Amino acid sequence: MTEGAGIRAGDLPDDLTAAEVGMWQAYRNGSVYDLRSGDAVTDDPHGGRPWGPERSVRARTVAWLLLDGPPALAGRVASLKLTGVQVVGVLDLAGGVVGPYVEMKGCRFEKEVLLPESRFTTVRLVDCSVPRLEAARLHTEGDLHLPRCHFHRGVRLTDAHIGTDLLLNQAVVHRDRRGLSIAGDGMTVGQDLQAEMLESYGEFSLRGAKVGVSLSLRGSRLVNPSGRRALNAPQLTVGRTLYLTPAGLGDPWHTSGRTPARGTRVQRFACEGGIRLDDGRFGDAVDLEQAVLVLTDDQEVSLRRVQVPELRFLGERPRRGRIVLNGARVVNLMDQATSWPGAGQLRMGGFQYENLVPRGPFPLTRRLEWVAAATPEYNPEPYERLATVLRNGGEDEDAREVLLAKQRHRRENLPVAAKLWGYAQDWTVAYGYRPGRAAVWMAVLWAATSVAFAHAAHPPLRKGEHPPWDPSLFALDLLLPVIDLGQVGHWRLDGGWQWLSAAVVLLGWVLATTVAAGATRLLRRG
């Protein structure tokens, strides 16, 4: 029978196989067409047991049904629901408009599935074996579900538009010839993108993608050690939260998206390769709780210019590679001391955060090590940002300690003379951040020199024109520059006493200058 009016009326084509006849009738009836044998090993779509012709349908027959299939039986809705079926040949629906509901479970595809520029209502491929999925510019009004599927040469969803949810939970995706596992550049997902417990072997690319609600990679494993990045998602926009967090083991894919209950065995998010989220926009948070980051020396987790209300940096400290936060803007930085890498592995130039929300002990000494790790070459900005945040939180004393640490770091890069002057300021008044120290030094010097000058010979320069000798007042007159107490200039000191008086004058000027510098610094902060 030729294609045409008879088929539109529901007549069977003449060249269908027995398996295709059953599929054709199930399509018109809207029922599930199940060709499983009942043996779990044989029915495993990812196993090595062959499926014979009794379980095989031609890809062109599937395309015929979906693009120009017969009408549904009276009172039924036509749909393609296949279970345990092998599709032979290339399933090519490129540019087509598919109206029926499509659901395939535990199926095998002999060759790639081509869906570029096609339109669907909802597509569900569950636990299927697919050599490759080509779906650039795919448009679905509803969901695209691909849970537990194995893709042997990658998935391409470039510029696709998914009306509601995209599910890739527990999928296994291997790289294509360009090293990409999932290419989703420019993709738009109306609601959630769930790729929990995903195994990605290659680069997962989401450049410029938009996700309406949340993007979840809970418990997933991204592996791309030979490439530069395992997750490449610059300019990613997520309406709410990006989850790079644990998933509960044993949860069915349709109940994922929840935080594992206490006591549940979990699988942590693990990434072997770089992560790039530059210029991303996230409505609620970027969550890296318990994340395991395995990087090489030239790989990095890059959050350059990211904007997010809350960054939860609560993962495992990476042993190699870099964490880059340059230009990022965060309201709440939730972190823990054990998550940040060491010196040379952290970059925070222009990183702005308003509140620190440490989880667990994070003493100021460790926080200063955190800043120092980000500034192997002196940069005042991270110190000043931390001091501002601490001061805004009412921690004025800690803020002064941070600014003092900044001056000490700066001193290490100065010439010898300036470095010595810096040490003098540090020892005396701690660069003005501990002004009480100057009073202690003054008191000690005054007491010591008062005792010393009490034993000094002090003939007057002009008889009858001098005040009464007072060693304590004389010592104080030497210590206080500018102020004249009427003692200096009336007595002659010789030998070592002259050298002592000169030293006291010099020390007085040093103390006065450092106090003035500290006062100026305090006024500038005010």
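Would you mind stating whether residue 106 is free of Cβ contacts under 8 Å to residues at least 60 places away in the same chain, among the small types (Gly, Ala, Ser) and surrounded by fewer than 23 Cβ atoms within 10 Å (Cβ to Cβ)?
Working: free of Cβ contacts under 8 Å to residues at least 60 places away in the same chain: no; among the small types (Gly, Ala, Ser): yes; surrounded by fewer than 23 Cβ atoms within 10 Å (Cβ to Cβ): yes.
It is false that residue 106 is free of Cβ contacts under 8 Å to residues at least 60 places away in the same chain, among the small types (Gly, Ala, Ser) and surrounded by fewer than 23 Cβ atoms within 10 Å (Cβ to Cβ).
Scanning the range 370-383 for residues that are out of contact with any Gly (no Cβ under 8 Å at 6 or more places or on another chain) and surrounded by fewer than 16 Cβ atoms within 10 Å (Cβ to Cβ) yields 377, 378, 380. Residue pairs whose Cβ atoms lie under 7 Å apart, sitting 6 or more positions apart in sequence or on different chains, and linking a residue in the range 173-186 that is within 14 Å of residue 208 (Cβ to Cβ) to a partner that is surrounded by fewer than 21 Cβ atoms within 10 Å (Cβ to Cβ) and among the acidic types (Asp, Glu), are 186/159. Annotation: of all residues in the range 353-369 being outside any loop (DSSP other than H, G, I, E, B) and more than 12 Å from residue 310 (Cβ to Cβ), the one that is least open to solvent (accessible area, probe 1.4 Å) is 367.
The residue of the range 298-338 that is farthest from the chain's Cα centre (by Cα), among those that are of a type in the set (Gly, Ala, Ser) and closer than 19 Å to residue 369 by Cα, is 337. Within the range 39-65, being open to solvent by less than 20 Å² (accessible area, probe 1.4 Å), closer than 12 Å to residue 24 by Cα, in contact with a helix residue (DSSP H, G or I) (Cβ under 9 Å, 6 or more places away or on another chain) and of a type outside the set (S, T, N, Q) holds for 57, 62, 65. Of the residues contained in the range 161-169, one or more are found to be assigned to a strand (DSSP E or B) and touching a Gly at 6+ places or on another chain (Cβ under 7 Å). Checking each residue of the range 209-224 against the condition of being modelled with pLDDT under 95 and farther than 19 Å from residue 144 by Cα gives at least one match.
Identification of strands (runs of 3 or more DSSP E) wholly contained in the range 43-142 with 2 or more residues that are out of contact with any Pro (no Cβ under 9 Å at 6 or more places or on another chain) and within 30 Å of residue 205 (Cβ to Cβ) yields 101-105. Quick check, is residue 364 over 17 Å from the mean Cα position of the chain (by Cα) and modelled with pLDDT of 90 or more? For residue 364, the condition - over 17 Å from the mean Cα position of the chain (by Cα) and modelled with pLDDT of 90 or more - is met. The single condition among (1) polar (S, T, N, Q); (2) more than 21 Å from residue 310 (Cβ to Cβ); (3) within 25 Å of the chain's Cα centre (by Cα) that residue 413 does not meet is (3).
Among the residues in the range 193-204, are any within 25 Å of residue 284 (Cα to Cα), among the aromatic types (Phe, Trp, Tyr) and either modelled with pLDDT under 95 or open to solvent by less than 10 Å² (accessible area, probe 1.4 Å) (or both)?
To start, the set of residues in the range 193-204 that are within 25 Å of residue 284 (Cα to Cα) comprises 193-198, 204.
Applying the additional criterion that residues be among the aromatic types (Phe, Trp, Tyr) yields 204.
After this cut, where a residue has to be either modelled with pLDDT under 95 or open to solvent by less than 10 Å² (accessible area, probe 1.4 Å) (or both) as well, the list is 204.
Checked against the condition, which is being within 25 Å of residue 284 (Cα to Cα), among the aromatic types (Phe, Trp, Tyr) and either modelled with pLDDT under 95 or open to solvent by less than 10 Å² (accessible area, probe 1.4 Å) (or both), the range 193-204 yields at least one hit.
The single condition from (1) under 18 Å from residue 124 (Cβ atoms); (2) within 40 Å of the chain's Cα centre (by Cα) that residue 92 fails is (1).
Output the number of residues of the range 205-230 satisfying the condition of being in a strand (DSSP E or B) and surrounded by fewer than 24 Cβ atoms within 10 Å (Cβ to Cβ).
Total satisfying the criteria: 4.
Could you identify the single residue in 296, 338 that is more than 22 Å from residue 216 (Cβ to Cβ), at pLDDT below 95, open to solvent by 60 Å² or more (accessible area, probe 1.4 Å) and not charged (D, E, K, R)? That would be 338, the only listed residue that is more than 22 Å from residue 216 (Cβ to Cβ), at pLDDT below 95, open to solvent by 60 Å² or more (accessible area, probe 1.4 Å) and not charged (D, E, K, R).
The values are calculated or read from the model by the stated rules, or taken from the named source; none is laboratory data. From a predicted model like this one, the values you see are computed outputs, not experimental measurements. Neighbour counts are summed over all protein chains in view; Cβ atoms, including those assigned to glycine, are modelled from backbone coordinates with ideal geometry. Accessible surface is based on the protein model in full, side chains and every heavy atom, while ligands, DNA and RNA are left aside. Shrake-Rupley method; radii C 1.70, N 1.55, O 1.52, S 1.80 Å.
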